[in-house]
Amino acid sequence: MNHPSEPIAPTLRGVAEHRAAVLELARVTGTDEVDVGAGLGRVLARDVTAAGSLPAWDSSAMDGYAVRGADLARSSADSPAVLDVVGEAAAGVPSAVPVAPGTAVRIMTGAPVPAGADAVVRQEDVARHGARVSIGRPAHRGEHIRPAGDDVRAGERVLAAGADLGPAQLAAAVSAGARSLVVRRRPRVAVLSTGAELVAAGGALGPAQIHDSNSVLLAAAATEAGAEVVYRDGVTDDVAALRTALAELDGAVDLVVTSGGVSVGDHDVVREALTGPVSFVRVAMQPGKPQGSGRLAAGTPVVCLPGNPVSAFVSFEVFVRPLLRTMLAAAAVEQRSGWGVADDAWRVPADREQYMPVRLEDAATDLPRVRRAVPGGSGSHLVAGLAAAQGLAVVPAHVRHVRPGDRLRVRWL
Ligand SMILES: Nc1nc2c(c(=O)[nH]1)N[C@H]1C(S)=C(S)[C@@H](COP(=O)(O)OP(=O)(O)OC[C@H]3O[C@@H](n4cnc5c(N)ncnc54)[C@H](O)[C@@H]3O)O[C@H]1N2
Ligand code: MOO
């Protein structure tokens, strides 16, 4: 039988204190340069500035005619102005001629406004007669013209280091002239689940065996948070095998995440193998009470999460995601959160901050109504029910009951 070498301190550590201990493990990763088309999901490491102004020239917002407003000052439906059409400007093909008094240039959306013109009249407001147009209304200065630099001026910052690169950010970078982007290297993460009962996904189950969902859960969560999962495996309740696996990973990865074996049982292999370099603590949260964090011999950070699947998931969200995001020097370290209102009632354990998986009843209002994702609430074994969760309602430690109408802080998943 394995006996953990040190008892865990009986007092509960606050969630914020443990989070701070985990975040202390963060070292910001180096950088990669990637083609702008391959930047999706990465975190920007160097600001992107505009090579030129956007738009680069005064450009037309409409298909129509570029005119001088002064020529239309007295035009009306009864007495339209008549102008000679002297040229054409299309997107990519500027007009060869300016707009002189008494003339107009046919212009398309996105084309540079020719010299001399100070307004564009939409073609719906124009009657064309051969080489002439008649316009029965005045045009104000700047009408349907997008001024140069309206979006951004040359040299201005378009994206700041730390930005998460999604479709909109990539489009902004391309428009600013970028061909490649300097991004954070994805932290290399190893996920190790422990337990003699574990069988890899889909494998035949013997008596008292279960499928190892945590290694898939944690690897997927780490990937989603911006990491590169380079190793994912399950080890049995064998301390020597775990020590060997950890020694091979130490120095080869940026972070090791383990699941299981952190509580007080006789087979709690993670505690047995890591007590010393890793501090094992009880955190004032439910689920997710037993936790560990520290460094392996060569300095590789290791975070040890409880084995119950909902506990592992919540612990990842509260501790490991912020750690990975800090390693990525991301501007937004936390998931988006907001207020919801309970449309449900449940009891909350004493003295622990509760993370209740919830789903939205009604997303259409400012204050969405939320219910427990499953009737069993935050039971740490309810892995199938976890699939219904859209958020985690964070109930403060002093609250003992949640009642319909209570306001709840929700971390959206
Ligand atoms: N006497 C006490 N017992 C327990 C305490 C306590 O304070 N005193 N804490 C409980 C709490 S809270 C939690 S959480 C668990 C954490 O235990 P471990 O981290 O040691 O996890 P295991 O014992 O290995 O497993 C717990 C549970 O989860 C299942 N599991 C484990 N790994 C996986 C996996 N990869 N995929 C799917 N399911 C997994 C495992 O079969 C167990 O059912 O300890 C309590 N006990
Ligand atoms: O704190 Mo444990 O994580 O409830 O199941």
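The values are calculated or read from the model by the stated rules, or taken from the named source; none is laboratory data. It should be emphasised that the depicted structure is a prediction, and the values quoted were computed from it without experimental measurement. Note: ideal-geometry Cβ built from the backbone for every residue, glycine included; neighbour counts use all protein chains shown. Accessible surface areas use protein heavy atoms only, side chains included; no ligands, DNA or RNA. Shrake-Rupley method; radii C 1.70, N 1.55, O 1.52, S 1.80 Å.
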- Item | Search result, residues across the stretch 150-178 that are touching a strand residue (DSSP E or B) at 6+ places or on another chain (Cβ under 7 Å) and in a loop (DSSP other than H, G, I, E, B) | Asp151, Gly155, Glu156, Ala161, Gly162, Ala163, Leu165, Ala176, Ala178
- Message: Every residue in the stretch 325-353 that is of a type in the set (Val, Ile, Thr) and under 16 Å from Gly162 (Cβ atoms), please.
- Response: Thr326, Val333
- Got a sec? Which of Leu217, Leu242, Leu255 is touching a residue at least 24 places away in the same chain (Cβ under 8 Å), open to solvent by less than 30 Å² (accessible area, probe 1.4 Å) and either away from ligand 1 (no atom under 16 Å from the Cβ) or closer than 27 Å to Arg42 by Cβ (or both)? Leu255
- Query: In the stretch 272-287, which residue that is more than 7 Å from ligand 1 (Cβ to nearest atom) and open to solvent by less than 10 Å² (accessible area, probe 1.4 Å) is farthest from Val318 (Cα to Cα)?
  - Reply: Leu274
- Among the candidates Ser315, Ser311, Ser378, residue that is at pLDDT below 95, among the small types (Gly, Ala, Ser) and crowded, with 20+ Cβ neighbours inside 10 Å: Ser378
- Task: Read through the list (1) open to solvent by less than 10 Å² (accessible area, probe 1.4 Å); (2) on the phi > 0 side of the Ramachandran plot; (3) away from ligand 1 (no atom under 14 Å from the Cβ), then give the number of the only condition that Ala227 fails.
- Result: (2)
- Does Gly299 satisfy the criteria of being more than 16 Å from ligand 1 (Cβ to nearest atom) and open to solvent by less than 10 Å² (accessible area, probe 1.4 Å)? no
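Residue-by-condition table, conditions (1) within 18 Å of Val189 (Cβ to Cβ); (2) assigned to a strand (DSSP E or B):
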| position | (1), (2) |
| --- | --- |
| Phe313 | yes, no |
| Val318 | yes, no |
| Pro322 | yes, no |
| Ala332 | no, no |
| Gly338 | no, yes |
| Val341 | no, yes |
| Asp344 | no, no |
| Pro357 | no, yes |
- For the stretch 313-347, how many residues are within 16 Å of ligand 2 (Cβ to nearest atom) and without any contact (Cβ under 8 Å) to a residue 60 or more places away in the chain? 3
- Query: Considering Arg157, Arg186, Arg146, which residue is under 22 Å from Thr223 (Cβ atoms), basic (Lys, Arg) and open to solvent by 60 Å² or more (accessible area, probe 1.4 Å)?
  - Reply: Arg186
- Message: Residues that are over 15 Å from Asn308 (Cα atoms) and more than 27 Å from the chain's Cα centre (by Cα): list the strands (runs of 3 or more DSSP E) wholly contained in the stretch 184-294 that include at least 1 such residues.
- Response: 228-235, 278-283
- Message: Restricting to the stretch 302-334, count the residues that are more than 16 Å from ligand 1 (Cβ to nearest atom) and of a type outside the set (Gly, Ala, Ser).
- Response: 10
- Note on the structure: Of those in the stretch 17-30 that are of a type outside the set (Asp, Glu) and open to solvent by 80 Å² or more (accessible area, probe 1.4 Å), the residue nearest to Ala330 (Cα to Cα) is Val28
- Note on the structure: Residue hits (the stretch 33-83; acidic (Asp, Glu) and buried (at least 17 other Cβ atoms within 10 Å of the Cβ)) are Asp58, Asp63, Asp71
- Of the residues in the stretch 391-412, those that are open to solvent by 80 Å² or more (accessible area, probe 1.4 Å) and part of a loop (DSSP other than H, G, I, E, B) number 4
